[in-house]
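The values are calculated or read from the model by the stated rules, or taken from the named source; none is laboratory data. Not measured: the values here are computed from a predicted model. Note that we place each Cβ from the backbone using ideal geometry, even for glycine, and neighbour counts take in every protein chain shown. Side chains are part of the model used for accessible areas, which takes the heavy atoms of the whole protein and leaves out ligands, DNA and RNA. Shrake-Rupley method; radii C 1.70, N 1.55, O 1.52, S 1.80 Å.
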Amino acid sequence: NSLVADNPRKATGGANAPDLETLRGQIVTARTAQGRMVTREDVLARIYTMPSTYGRVFRAAIAENPVNPQATTLYLLTRDSNGNLDIASDTLKRNLSKYLNEFRLISDAYDILDAQIINFGVKYEVVVANNASKQQVALSINNKLSELLRLKFFQIDQPLIIDDITSTILAEDFVIALSDLRVFPRTGNI
C-alpha cells in the first residue's frame with residue numbers, strides 16, 4: 001500500500017509562509033482591496049493573497065498588452081526550493097487564472113506570462129585611505145552592497161539605481177574615491 005512518483009520536471013511555485021516584512025508590504029494593497037478587482041492594486045492584492053493551495057506567486061506586475069488592447073498582461077515570478085527566482089509553472093498559471101476569474105469584471109482579460117530574470121554583477125574600484133585594511137574595506141562594501149541589492153527589495157520592472165550603489169560605496173569608512181563602477185549582465189539584458 002505505497003506509491004512512488006518520479007517527476008520529470010522540478011517543482012516550482014511553492015514557498016514557505018511569507019515573513020513579516022513581506023506581509024507588511026502586502027497589507028497596504030490588501031487593506032484597500034474590494035470583493036472584486038477594479039484597479040491594478042486590487043488585482044495585485046488578489047494575486048498575493050491567493051490561497052497557498054493553488055501555489056505561491058513571489059512577484060507580480062501588471063502592464064499594458066502591446067498585442068491585444070483588450071487584455072492586460074500579468075507578469076509572474078516564483079522562487080525555487082533554494083529561494084532563487086524561477087519562472088512560474090503552467091499549473092500555477094492555470095490555478096491563478098481560475099482564481100482570478102472569480103473576482104474579475106466581465107470585460108477583464110489577462111494574459112499571464114513569465115517575467116524575465118536578469119542576473120547582474122557589480123564591479124568597482126575604490127581608492128582607500130593608507131591607514132585602512134583594503135581587504136576589510138572591500139569586505140564591508142561587499143556586505144553593504146549585498147544588503148542593498150537583496151531580492152526582497154526588488155519588484156518586477158523596478159529600475160536598478162546606480163546612484164544608490166555609488167552612495168553605498170562612498171559612504172563606507174576609509175573610502176576616499178570611487179574610480180570605477182560597472183554593472184554588467186551575467187544573463188539577460190539590463
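Of all residues in the range 141-190, those satisfying the criterion of being touching a strand residue (DSSP E or B) at 6+ places or on another chain (Cβ under 8 Å) and of a type in the set (Ser, Thr, Tyr) are 166, 179, 187. Tell me yes or no: at least one residue of the range 105-112 is of a type in the set (Asp, Glu), under 25 Å from residue 18 (Cβ atoms) and out of contact with any Gly (no Cβ under 8 Å at 6 or more places or on another chain). No, the range 105-112 contains no residue that is of a type in the set (Asp, Glu), under 25 Å from residue 18 (Cβ atoms) and out of contact with any Gly (no Cβ under 8 Å at 6 or more places or on another chain).
I want to confirm something. Restricting to the range 152-178 and keeping residues that are assigned to a helix (DSSP H, G or I) and open to solvent by 40 Å² or more (accessible area, probe 1.4 Å), which single residue is farthest from residue 117 (Cα to Cα)? Among those residues, the one meeting the criterion is 170.
Kindly indicate whether any position in the range 8-22 is at pLDDT 70 or above, under 16 Å from the mean Cα position of the chain (by Cα), surrounded by 18 or more Cβ atoms within 10 Å (Cβ to Cβ) and not in a loop (DSSP other than H, G, I, E, B). So far as the range 8-22 goes, no, none of its residues is at pLDDT 70 or above, under 16 Å from the mean Cα position of the chain (by Cα), surrounded by 18 or more Cβ atoms within 10 Å (Cβ to Cβ) and not in a loop (DSSP other than H, G, I, E, B). When each of 181, 105, 149 is tested for being open to solvent by less than 70 Å² (accessible area, probe 1.4 Å), among the aliphatic types (A, V, I, L, M) and under 18 Å from the mean Cα position of the chain (by Cα), the lone residue that passes is 149.
Right, residue 113: within 19 Å of residue 55 (Cβ to Cβ) and out of contact with any Lys or Arg (no Cβ under 7 Å at 6 or more places or on another chain) or not? Here the answer is yes, as residue 113 does meet what is asked.
For the range 47-94, taking the residues that are under 27 Å from residue 187 (Cα atoms), among the aliphatic types (A, V, I, L, M) and not in a strand (DSSP E or B), the one that is most open to solvent (accessible area, probe 1.4 Å) is identified as 67. If the condition is being in a helix (DSSP H, G or I) and in contact with a strand residue (DSSP E or B) (Cβ under 7 Å, 6 or more places away or on another chain), then the range 106-140 contributes 134, 137.
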